[in-house]
Amino acid sequence: MINFTILSNGVRLISQRVEHMHTVSIGIWVANGTRHESPDHNGIAHFIEHLLFKGTKRRTARQISHEIDSMGGILNAFTGHEYVCYYAKVLASFLPRAVDLLSDIFLHSNFPVDEIERERRVILQEIKMRDDAPEECIHDHFHQSFWKGHPLGLSVLGSEDTINRISRDDIVAFKQSRYRPEDIIISAAGNVNHNDLINLMETAFSEVSSSWAPPGHAGKIVTSPGRSINLIERDLEQSLICMGTRALPQDHPDRYALYLLNTILGGGMSSRLFEEVREKMGLAYSVYSYVISHADSGSLVVYAGTEHVHCREVIDIALREMGRMKREAVPADELNSAREQLKGKILMSLESTDSLMTRLAKNEIYLQRYQPVEEVLAGFDAVGADDILALAKELFDGSRLNLEVMGKTAALDLDEERLVF
């Protein structure tokens, strides 16, 4: 059962009661992330996410960690380009304690100067760790290149320069202004009573306010990503390849066809890329594709890691398979297999309270309503081979294709004329 309440100041509460579950997952979401930062303060949303666990007026950082451990629970957070989430997962009997702890860090963190400086060093190490992990690093580089000149191209972590530049005043001002009540969504799933949740949250969150308003152009894609090749020279044993093109927003009516297209192309062990690149040719251990959808845009990306001498061959195979998607209708058995794969993953995710909680919040952020799982399954069932073919023709037009290669790239003979499907 789904329940929805809007507090007097605009904060939204959504809950899904599942009585047979022993746990409750609760998240406080803010629909304001990296894409809402300025380039000079890139990384500040993620910086704040770290700092909210570093002490409040009532609790020290040590007391926060000890308290969640004493419940046998999980307390964590994550930052994306369009949201930040702070969440806890506990046994249902501990929900009042977990709500008190989560609300305290969200509303009353005091940002001690010594903790800011300590966490600044931690984030700088996190940036170095990302840069030392080639597969993680190339995905970050790809999206910076793909959305160059747009806030979606900003790194969630920020850069060493921007993190060193952010002051305590910047942090306090950003949180006070951007954590607006109308952008806050509290979602909970599991063995939870909605009226109890209202009673726990209403007094504390009714005091949240902000006069900040986003610029009129915020969240709007002004230009489409162009076509380009970017080579990153690094002394690696493999060449890492990220190649992608534009995709669809989160609420686009063709999103079901997009997820099926991606699943068939590179979404699993039976996908075309896995079969061609790994199983038939033995050219890569890791090869896959994925979709990232935003409120108003998206990208479909192919990744592979291969020996330097096979880099061009793998790129050509990926281009061939993408081109095949727009020239040949997907056979019925392949489409049905992909459909069941996606439906199965969705249904299995419903057995986890944290997945249910996340689904509630993202539905509200991107669709402004709860979407029953039956509607999602019906959306996949309604997609035919002609729908996938039409979408592939639209997306794989070649004009917005971006290729990123990391490794020993000096000898690669790559130019934009090769990037054809």
When (1) within 22 Å of the chain's Cα centre (by Cα); (2) within 21 Å of residue 146 (Cα to Cα); (3) not β-branched (Val, Ile, Thr) are applied to residue 369, the one that fails is (2)
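Residue-by-condition table, conditions (1) closer than 19 Å to residue 55 by Cβ; (2) surrounded by 15 or more Cβ atoms within 10 Å (Cβ to Cβ):
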{"residue": "65", "(1), (2)": "yes, no"}
{"residue": "69", "(1), (2)": "yes, no"}
{"residue": "79", "(1), (2)": "no, yes"}
{"residue": "86", "(1), (2)": "yes, yes"}
{"residue": "91", "(1), (2)": "no, yes"}
{"residue": "106", "(1), (2)": "yes, yes"}
{"residue": "109", "(1), (2)": "yes, yes"}
{"residue": "114", "(1), (2)": "yes, no"}
Within segment 159-173, which residues are under 21 Å from residue 29 (Cβ atoms) and within 21 Å of the chain's Cα centre (by Cα)? none
Anything in segment 370-416 that is closer than 25 Å to residue 349 by Cβ and touching a strand residue (DSSP E or B) at 6+ places or on another chain (Cβ under 9 Å)? List them, or say none. 370, 372
For residue 419, indicate whether it is open to solvent by less than 40 Å² (accessible area, probe 1.4 Å), aliphatic (A, V, I, L, M), modelled with pLDDT under 95 and touching a strand residue (DSSP E or B) at 6+ places or on another chain (Cβ under 7 Å). yes
Sort through 59, 12, 97 and tell me the only one that's out of contact with any Pro (no Cβ under 6 Å at 6 or more places or on another chain), open to solvent by 70 Å² or more (accessible area, probe 1.4 Å) and not acidic (Asp, Glu). 97
Hey, can you tell me all the residues within segment 328-376 that are among the aliphatic types (A, V, I, L, M) and touching an Asp or Glu at 6+ places or on another chain (Cβ under 9 Å)? 329, 365, 367
Please count how many residues of segment 236-249 are farther than 19 Å from residue 140 by Cβ and open to solvent by 50 Å² or more (accessible area, probe 1.4 Å). 1
I'd like the full set of residues that are farther than 24 Å from residue 172 by Cβ and either within 23 Å of the chain's Cα centre (by Cα) or free of Cβ contacts under 8 Å to residues at least 60 places away in the same chain (or both), limited to segment 98-124. none
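The values are calculated or read from the model by the stated rules, or taken from the named source; none is laboratory data. Every value quoted in this text rests on a predicted model; they were computed, and no experiment measured them. Every residue, glycine as well, gets a Cβ built from its backbone with ideal geometry; the counts of neighbours run over all protein chains shown. Just so you know, the surface numbers come from the protein's heavy atoms only, side chains and all, with ligands and any DNA or RNA stripped out. Shrake-Rupley method; radii C 1.70, N 1.55, O 1.52, S 1.80 Å.
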